[in-house]
Amino acid sequence: MDNNRLLAIHILEILNEHSNRNNKITQKEISYYLENNYGETVSRRTLSTYVQQLKQEGYVEGSRGIYRVDIFSEREIRTLIDGVMYGKHIPKDQADILITKLKMLSLNTMKDKAKNITYLSGINRTTNKNLYQILDVIDDAISRQLMIEITQFSSLPEGKESIWSPKIVDPYFVVADQSRYYLLCHGDREGLEPRRIDRIKDIRIVYRKRKPLAEVAGDDFDLGKYMREHVYMFSGKVERVTIKIMTKNIGYYEDWFGSKYYILDSNDEYTVLACDTNVNAVYYWALQYGNIAKVLEPVELRNRIIRGLKDILKGYE
């Protein structure tokens, strides 16, 4: 490609690297960087013409010295980077690329700060490489008010998967909760149900109109209210916990606590695992999934669950 066609891009790259609102540079300095960084020698008139065009397009500002207009503020860039760092719905390889690109967008005054932003490899990220293609199909179906057929999977020990039977559903919303993407849809149950999008293996549009949302969730459905009623968070100390869970349902554990655990014993029916995790979270999780799992240790937590179950039973008597 002719270097002259890249001149505007190179000027913007120089301004992004060496200037900001409080640190303007002159056209003479730009000429220096063009020659030393890109091997381009341009006349003063040519450079002035390019700079004026960039000003007219809103990319550059300044009179006695110029600078590139900020695309994002420091806080905005940090917010975007944090969103990628802590987003479990973003696969690891894509998170690496996004964080690198966002660091490149950082202002000159933020360059040193951006070096301290480190990718968190320990986060329990999705391993679904087709996540964004699946999201595209869902978005398309929702926009066109069409049904979809989804095939989901659940996790088994040692990275294995259990494939579910395909199911046709009416899609309505894509929401994010606990750094996961969920599809709010209607299947063969009453009302809306959330389905983990990163647990969808295959998807296709069924060219039939979905049911109206009001028919499924009522005329007064409020998405914000629905989300508030279906979220809970925990705080407290971390301890080693031992859990016995039905092997086919181990994905329900991984959904909340991730795949960092130790298998103490396992067969086709049950798996005994140990993990270092939040005991308050395990307490409420054990009450919710008591039909497929039970806590073996620590004894204090086990006794607390027993008391909680007795209180629940007492409330229903």
Heavy atoms of the protein only, probe of 1.4 Å, neighbouring chains included. What is the accessible area of Asp276 in Å², nearest 10? 90
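Taking all protein chains as present, what is the carbon and sulfur share of the accessible area of the chain, in % to the nearest whole number, probe 1.4 Å?
Details: 9320 of 19280 Å².
On the chain, the fraction of accessible area on carbon and sulfur atoms equals 48 percent.
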In degrees, nearest ten, helix 44-56 long axis to first principal axis of the chain (Cα): 40
Nearest-ten-degree value, helix 279-288 long axis tilted from longest Cα axis of the chain: 60
Per-residue HN-Hα couplings for the stretch 302-310, Karplus 6.51 cos²θ - 1.76 cosθ + 1.60 at θ = phi - 60°, whole Hz, x for Gly and Pro? 4, 5, 5, 5, 4, 5, x, 5, 5
Please go through the stretch 234-317 and write out the trypsin sites (Lys or Arg not before Pro) that DSSP classes as loop and that have at most 11 other C-beta atoms within 10 Å. Lys237, Lys260
Only one of the values [x] 28.4, 97; [y] 27.0, 90; [z] 19.2, 57 was calculated from this structure for Rg and Dmax of the Cα atoms in Å; name its label. [y]
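Give me the percent relative contact order of the chain, please, defined on Cα pairs under 8 angstrom at least 6 residues apart. Intermediate results must be reported in sequence, preceding the final value.
Working: 437 pairs, mean separation 35.1, N = 317.
Across the chain, relative contact order equals 11 percent.
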May I ask for the angle, rounded to the nearest 10°, between helix 92-105 and the longest principal axis of the chain, with both axes built from Cα atoms and the value confined to 0 to 90°? 30
Between Leu296 and residues 5 or more places away or on another chain, which pairs have amide H atoms under 5 Å apart, with H built 1.01 Å from N, and which residues are they? Thr242, Ile243, Lys244
Find which of Tyr270, Ala214, Tyr182 sits farthest along the positive direction of the dipole of the chain, computed with +1 on the beta-carbon of Lys and Arg, -1 on that of Asp and Glu, about the Cα centre. Tyr182
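The values are calculated or read from the model by the stated rules, or taken from the named source; none is laboratory data. Keep in mind the model is a prediction, meaning the values are calculated, not measured. FYI the Cβ positions are ideal-geometry reconstructions off the backbone, even for glycines, and counts take in every protein chain you see. Ligands, DNA and RNA are stripped out before the accessible areas are found, and what is left, the full protein with its side chains, is counted by its heavy atoms. Shrake-Rupley method; radii C 1.70, N 1.55, O 1.52, S 1.80 Å.
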